[in-house]
Amino acid sequence: MATDTRANLRAYLSYVSGIITAGAFAAIPASWLFPSLAIWPDAWNFPFDRVINSFFDLLTTPILFGISVQTIFRCTVPVLNAPILLLQSILQTGISSGYGDHAAEILPPLSWLGVSLATTVACHHARGLGLAALAATTCGFLLLFGLWDSIMVTLSQMIVAVPLGITIGFLGGLYLYRRPSRRPTILFLLDQAQTIPIFSYLVPLIIFFGLGGAPAVIAIVIFGAPPMVRSTALGLAEAEVRVGELGRSLGCSRSQFLWNVLVPTAWPRLQLGVNQVVMLSFSTVILAALIGAAGIGNDVLLALQRLALGAGLVAGAGITLIAILIDRYLQAISTHTHRQDRMPRRSFWIVMAACVLGPTLISFFYPPLAHFPESWTISTARHVDNVVDAVIGAIYGPLDALKTFLLLNILLPIRGALLALPWSFVTLLVIAAAWRTGGWRQAIFLGSLTIFLAVSGLWDRAVQTFYLCATGVLLSILIGAPLAILAGRSERVARVILPAVDTMQTMPAFIYLIPAVMLFGSGDVPSIFAIVCFAICPIIRYTEAAIRNVPVELREVGRQIGCSPWQLLWSIELPAATPQFLLGVSQSMLMALATVVVTALIGTTDLGHETILAISHANPGQALTAGFAIAAIGVVADRLVGGFARSRLGSKDI
């Protein structure tokens with residue numbers, strides 16, 4: 001009976017979807033007679049940006065005793081800046097009296113040698129010699145290439161932002177756990193907080209908090225807290241199912257039940273949330289350089305602006321190393337097992353204190369231990385620039401020919417064809433696909449998001465954004481899927497490919513602009529190159545896991561009926577892996593949308609460019625409208641691909 005009902009529902013959805021699809025194709029000839037069905041009339045636009053700007057003007061207008069909402073927010077800036085400046089003094093500058101040339105150092109910062117030793121000891125304690133060697137290599141690289149001070153500034157901001165994001169995320173998850181009726185609304189807001197590009201947050205943050213470290217911390221919290229909310233809510237709900245009855249039977253109070261029963265049981269989920277907050281915070285603080293936050297992100301931004309590829313590559317390598325180190329360390333402490341050579345906790349902290357304080361005390365008498373001497377650093381930026389110039393000079397002809405061929409024969413025709421599609425056709429096609437994969441509610445929701453792109457006056461920008469992302473994702477599939485299949489069928493190939501993918505996914509999207517500009521200059525081709533570098537990671541990860549996890553029984557059946565390796569792949573493994581592969585495509589599209597905003601820095605004319613213009617003009621309405629449009633594209637793509645994956649699985653939960 002249930003099977004018949006499901007089949008009837010599927011047939012009904014297909015029937016309605018087919019009617020709407022027919023209407024979509026009928027809209028093409030209809031648009032020849034009624035031009036407003038082809039090109040959205042400007043008279044139908046709604047000025048979302050002006051409405052948002054009016055709202056922000058209201059918030060900046062004095063209301064009572066000459067105090068505005070902006071004034072109240074600005075009062076919190078010293079509160080946020082104080083711990084950042086204190087940590088910066090401890091880690092980088094030291095404590096001084098006086099200003100400028102008359103400044104005299106009273107206390108030096110923590111010694112670079114002490115911090116390096118402590119980091120290496122902590123990594124050895126977490127996972128052994130391998131992670132300790134990575135820590136020593138990372139610290140040595142940052143010191144020798146003069147990146148130590150920049151990284152310390154970035155860490156000063158992170159040390160403030162991460163605990164704040166974890167705290168807010170935990171409290172939000174706790175509220176979500178205790179108020180399950182609010183779950184759909186809160187989850188939708190969390191989706192928007194992560195889907196809207198952080199660039200769109202920057203202009204409102206500048207208005208309310210000014211420039212510097214304070215708005216950077218707020219941006220980090222907005223972008224980094226949602227995973228902690230989700231992990232906390234899910235972890236507490238799972239713990240409730242597992243040990244809820246036991247805790248209540250023991251007569252625990254509400255607080256005892258939470259802290260002594262639920263939190264310890266949900267600890268693995270909470271650690272995963274903490275890991276996500278840290279990694280997202282690290283990638284966000286780099287983008288915060290656009291609003292005046294100092295640190296390693298500012299080094300990369302300056303290198304891009306000056307096209308100093310050597311300096312950019314060195315700073316990018318430093319970011320990559322520190323991000324990988326943090327990621328591996330967090331994995332180690334969240335999944336560690338007891339080792340025989342692990343020192344007792346008390347001894348560990350004594351050794352850590354000795355590592356930090358010993359060199360710091362010596363630095364009172366030997367200043368080079370406080371500030372790494374510039375004469376000890378090495379600069380390969382000029383040599384890298386020379387090598388890059390030589391390589392580019394040697395391959396400029398073929399690369400320029402390839403770029404021109406791709407633009408003239410593939411990319412520009414695709415973009416032109418997409419821009420020529422009537423908005424009515426696209427909207428009806430989205431509604432038909434949404435109805436087919438999720439029913440009438442999803443059709444109304446996704447249709448409304450598509451109409452928003454037209455009503456906001458950003459249809460052409462949105463189409464160009466989709467063109468860049470779709471092209472990047474398609475290339476990611478063509479390149480990544482074969483590699484993932486090889487890795488899923490061969491342990492030896494997996495040992496080579498998967499660490500490379502982890503490294504690529506750990507790096508901020510900013511970094512991919514450097515080789516993109518180096519190889520292809522500016523425009524669509526380098527933007528698509530950068531998108532592929534970032535979006536290929538989930539394709540490889542999801543597809544490899546899907547191929548590797550194909551049930552052994554299915555493979556055995558295929559071999560018993562005489563399938564060749566190719567037949568086994570095409571007839572058994574790929575169909576079984578399709579749902580998880582589609583999830584990888586969905587994640588790849590979201591990562592492409594996150595990257596396309598960054599690629600606006602190298603000359604695209606999409607929604608990312610609209611956001612960059614808004615930042616330069618301090619226009620919050622323009623920034624947020626463009627951000628909502630990017631989020632709308634992401635939600636539509638995610639729901640459609642996810643719905644198709646659910647239909648392939650025959651399940652509603654994926």
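The values are calculated or read from the model by the stated rules, or taken from the named source; none is laboratory data. All of these numbers come straight from a predicted model, not from anything done at the bench. With ideal geometry, Cβ positions are generated from the backbone for all residues, glycine too; neighbour counts draw on all protein chains shown. When the accessible area is computed, the model is the full protein with side chains, heavy atoms only, and any ligands, DNA or RNA have been set aside. Shrake-Rupley method; radii C 1.70, N 1.55, O 1.52, S 1.80 Å.
Structure summary
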| read-out | value |
| --- | --- |
| Kirkwood hydrodynamic radius of segment 511-654, Cα pairs, Å | 17.5 |
| Computed FRET value (nearest 0.05) for S253 with D191, which takes r as the C-beta separation and R₀ as 35 Å | 0.50 |
| From phi via Karplus (6.51, -1.76, 1.60), per-residue ³J(HN,Hα) for segment 473-481 in Hz, x at Gly/Pro | 5, 4, 5, 4, 5, 5, 8, x, 4 |
| Alpha-carbon centroids, segment 458-535 and segment 286-302: separation in whole Å | 23 |
| Solvent-accessible area, 1.4 Å probe, carbon plus sulfur percent, for the chain | 68 |
| Span from the segment 207-226 Cα centroid across to the segment 117-142 one, whole angstrom | 30 |
| Amide proton proximity set for A293, modelled H, under 5 Å, gap of 5+ | G212 |
| Whole-number accessible area per residue in Å² for segment 227-343, which is evaluated in the context of all protein chains at 1.4 Å | 45 |
| Karplus 3J(HN,Hα) series, Hz, for segment 373-379 with 6.51 cos²θ - 1.76 cosθ + 1.60 (x for Gly, Pro) | x, 5, 5, 8, 7, 10, 10 |
| Å² per residue, accessible surface of segment 529-654 at 1.4 Å | 40 |
| Nearest-0.05 FRET efficiency for N409 and L33, computed from C-beta distance (R0 51 Å) | 0.95 |
| Alpha-carbon centroids, segment 144-192 and segment 541-569: separation in whole Å | 41 |
| Per residue, in Å², the accessible surface of segment 13-147 once ligands and nucleic acids are set aside, probe 1.4 Å | 59 |
| Size-normalised alpha-carbon gyration radius of the chain, reference 2.2 N^0.38 Å | 1.05 |
| Theoretical gain in end-to-end length, R306 to D400 [0.36 nm per residue, Cα-Cα removed] | 31.7 nm |
| Sites Q567 and A82, calculated FRET efficiency, Cβ-Cβ separation with R0 51 Å, nearest 0.05 | 0.15 |
| Neighbour cut-off at most 14 other Cβ (10 Å), DSSP loop, chymotrypsin sites (Phe, Trp or Tyr not before Pro), segment 500-590 | none |
| Whole-Hz ³J(HN,Hα) from phi, Karplus 6.51 cos²θ - 1.76 cosθ + 1.60, for segment 483-488, glycine and proline x | 5, 5, 5, 4, 5, x |
| Inter-label distance, nm, simple model (7 Å from Cα along the C-beta direction), E238/Y175 | 2.4 |
